[in-house]
Every structure is written in C-alpha cells, then in structure tokens.
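What follows is one structure encoded as structure tokens, with my remarks underneath.
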Amino acid sequence: SSLHTNDAPATITRLIEIGAQPYLVGATLLGVLAQRLIRMLCPHCKSPGQIDANAWNRLVSPAKIKIPKTAYEKVGCDECRHTGYLGRIGIYEALIIDADMRKLINSTTDLCKYHLAAEKQGMRSLRISGAQKIAEGLTTMDEIYSVIPPQKEN
C-alpha cells in the first residue's frame, strides 16, 4: 500500500492519525519502505567537483561517514538538454517493525521516539542512501537536499 509521509518512521504516526488503532498498527505492520526518486547526473557531461566538508557532515549526521574523494557537479550538454541530469534513480529507507518498535506503538508516543528506535535498530536513512549516491558519482548534494525531509533536531 502507499502512504505519503516524510520518512519511514512517520508512517506509524500517520496511520494512527488517519484512524488506525495503535494496537492494530503494532500487530499488523511488518515493515515500511520510504523512497524518493532523484535525478542522476548526465554521464556525458558531469564534471569533477568539490564537496564542502561541513555540508557533507550535516548530510550524514549523526553518522560519521568519510567525505568522498571524488564528487561530481552538473554541467549540461545536448544529451541532457542542458540540465546536467539524465534519468532517475531511487534512494530508500527500510524500517522493520521489530518487538522493540511494537512496544512503542501507541497513541501517545511521539515521532521522535520512533526515529530514535529506528536509528538504534540500524535503519539507514534516506540521507545516508543519498550520500551513497553522491559518493558513487551518480548525483549531487543539491539534488539530495531537494528531495529529502529536513533534518530532525534532537
């Protein structure tokens, strides 16, 4: 089924907001996959570029992932109609509803607790998935920031 939320943990609160009983959500939900489509850099014209270390660290926080040695920037050519992008690829975030997460699901638990439990469980966020695509030379940081939800403040 499809549901519009900012990320995978927000699905739990959205289901409760639209009237699903928390005990039913906890008993029946097995997992949630959040996805976004991002534009891929045109392979015909992309150009090596720099990544700002502070911007990279904000993107991957709280994880400590090394900044890639090589990054690419969009340029534009006839192949991509001077946009710098050609095609799309997905970034994903998978949340498995385990026993610890089920214990949290009730009508009073806030979204922050679901996020913390998901991080503890080892969920790889949309941000980290996007950072991987940057490191692979497939897209830009600007493109990732255009499709991901704002960073949660703890």
* Quick one: if you stick a label point 7 Å off each Cα along the C-beta vector at Asp78 and Asp110, how many nm between them? -> 5.7
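What is the gain in length, in nm to one decimal, between Ile65 and Asn6 on full extension, counting 0.36 nm per residue of separation less the C-alpha to C-alpha distance?
18.9 nm
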* Between Thr28 and Gln132, with labels modelled 7 Å along Cα→Cβ, what's the label distance in nm to one decimal, could you check? => 3.1
* To do: Please find the FRET efficiency linking Arg88 to Gln21, where r is the Cβ-Cβ separation and R0 is fixed at 30 Å, and quote it to the nearest 0.05.
  => 0.20
* Structure fact -> Largest first and rounded to whole Å, the semi-axes √(5λ) derived from the alpha carbon gyration tensor of the chain read 35, 17, 11
* Asked: Heavy-atom accessible area per residue, the chain, 1.4 Å probe: how many Å²?
  -> 61
* Asked: In µm²/s, what is D for segment 70-154 at 20 °C and 1.002 mPa s, where D = kT/(6 pi eta Rh) by Stokes-Einstein and Rh is the Kirkwood radius from Cα pairs?
  -> 141
* **Inter-label distance, nm, simple model (7 Å from Cα along the C-beta direction), Ile96/Asn57** => 3.3
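Once the convex hull of the alpha carbons of segment 38-99 is built, what does its volume come to per residue, in cubic angstrom?
Cα convex hull per residue, to the nearest whole number: 110 Å³.
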* To do: Averaging sequence separations of C-alpha pairs under 8 Å and six or more residues apart, then dividing by the length of the chain, give the relative contact order as a whole percent.
  => 32
* Asked: Under a no-solvent Debye model with one identical scatterer per Cα of segment 1-92, what's log10 I(q)/I(0) at q = 0.12, 0.16, 0.20 Å⁻¹?
  -> -0.63, -0.85, -1.00
* **Cysteines in the chain that, by Cβ-Cβ distance, have no pairing candidate under 4.7 Å** => Cys112
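The values are calculated or read from the model by the stated rules, or taken from the named source; none is laboratory data. Model, not experiment: these values are computed from the prediction. Virtual Cβ from ideal backbone geometry, glycine too; neighbours counted across all protein chains shown. Surface accessibility is based on the protein's heavy atoms, side chains included, excluding ligands, DNA and RNA. Shrake-Rupley method; radii C 1.70, N 1.55, O 1.52, S 1.80 Å.
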